[in-house]
1. Sort largest first and round to whole Å: the equivalent ellipsoid semi-axes of chain B, each the square root of five times a Cα gyration tensor eigenvalue.
2. What fraction of the DSSP beta bridges in the protein assembly as shown is antiparallel, stated in percent and rounded to the nearest 5?
3. With bins 10 Å wide starting at 0, give me the P(r) of the stretch B:381-437 over every alpha carbon pair, in whole percents.
4. Rounded if a/c is under 1.5, else prolate if a/b is larger than b/c, else oblate: which is the stretch B:123-267, with a ≥ b ≥ c the root eigenvalues of its Cα gyration tensor?
5. When only C-alpha pairs under 8 Å and at least 6 residues apart count, what is the relative contact order of the stretch B:123-267, in percent?
6. Can you pull the one-decimal nm distance between simple spin-label points at residue B:337 and residue B:4, each 7 Å off the Cα toward Cβ?
7. When ranked by the protection proxy of mean other Cβ atoms within 10 Å per residue, highest first, what sequence do the peptides B:278-288, B:246-256 form?
8. For the stretch B:211-370, restrict the atom set to alpha-carbon positions and state the Rg and Dmax in Å.
């Protein structure tokens, strides 16, 4: 089991019962992060220990909620432009993801 | 440019859509199956992103496996599948506006439409339910089953229905730890369920296996407990739960505190009726079937000729009922097209309708189990957010109800609840419950929020890119 250790974040766990896709690197607020081909952005972010994805209208922290494209709580900015639902968008090699983790 | 034409367009590739596609693909018809997700299968049985090296979740039922392979086999023949694609609008004469992954928007014309748009999860709101680390049971299950990710090494699970136990068992099977299960229903509910489920041995077996795994792993199961608050500094850190009496009142002094980074919770499902509603299909409100549902006859045809609805949108009762209804809709279409003789159609229809009734009974039982008691709403404090997109609180909603805004559309205009990105998908079912709880349904009776094209947000650039269609207001 690969545990991500980071004192600032809760640990996310990739279980070992699956034969995963090839390892790729993407960027979260400029920080290089490992993911696997075939993962959605939300799965990669959660596995890397991120919980807060954005701030709401009144600046409250939000993260993954429905996980199936309904609630729009997991919106992230992808490649300096478009806003995407992290739970239905696949992560790509070199992808730049901006989240409001502050 | 002429719109692409199909004999049948099926919207949604879950059990009902796959069931319909499986039947139709056997015949020389031009059929299109559209789904918003990256692959077919819907939320319950979609293919995991990776192959398991060992089993940790239950395999998909044989019936559906067959339908999936049928659909895959016939892909080359008469069945077109587009994923991910989103139907943005439905216009007269069965014209559909569809946005696809290549960011283009196209018009598709159908002789018959089957809406098989499924359901979404409902969560009873509580203070702090918007905090990161609080997610739906389905969200936790998708992360685990399809991507092999546990959001935390320890997870607290709360809610009602089979998904609570299924998810708990899957988490344990994957090597995770379920700290506690907070089940809203009474301890006797499970035995009652078995009575309703008589004749559905596989489901009973699956349920017992899940429960057995929980007991074996000494997971503490607390009944009649409801999460009333989540606290934490910018994220979920502790969960407060309380006992809810059968009359919906919180039992004083019953609060318990649990430390957890991650809470998965759910209170059943609500039908995704937006597209059929936009098409103009008649709806009806049935609390024991999940809220607003699409009216259909025995042939699965809606109030609009040639437009069908199948699965959770005709009443929440699970994947098996959805599969049956998808097949029923397909049979009717084959009959209408003269591809099936009347006698053959009758026999198959009667057999399917008998099975359907049994599932509907079980569905009604479940919907009653996880229903939020009307009195519970009084116990939700003013600061609790109801509309997550616009951050509209329970207090604001209460105030406007007192001002006389007694229908969901009126409340939306007054408060902006339901006007955000999700277009009311998360809060509208809660608003219907709140209005019912306050016994105010307005002069017109219960009324759903209106839906408009595009039913899901789409970048304007995508729409602008394609100017081959003219949409009249």
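Values in this text are rule-based calculations from the coordinates and carry no lab data. What you are looking at is a predicted structure, and each value in this text was computed from that prediction instead of being measured. Note that we place each Cβ from the backbone using ideal geometry, even for glycine, and neighbour counts take in every protein chain shown.
1. Equivalent ellipsoid semi-axes, largest first: 36, 27, 22 Å.
2. 60
3. Going from the shortest bin to the longest, the percentages are 28, 64, 8.
4. Details: a/c = 1.93, a/b = 1.17, b/c = 1.65.
Note, shape of the stretch B:123-267 comes out oblate.
5. Numbers: 262 pairs, mean separation 51.3, N = 145.
Relative contact order for the stretch B:123-267 comes out at 35 percent.
6. That separation, rounded to one decimal, is 1.6 nm.
7. The densest-packed peptide leads the list: B:278-288, B:246-256.
8. Every Cα atom of the stretch B:211-370 included, Rg and Dmax give 21.4, 66 Å.
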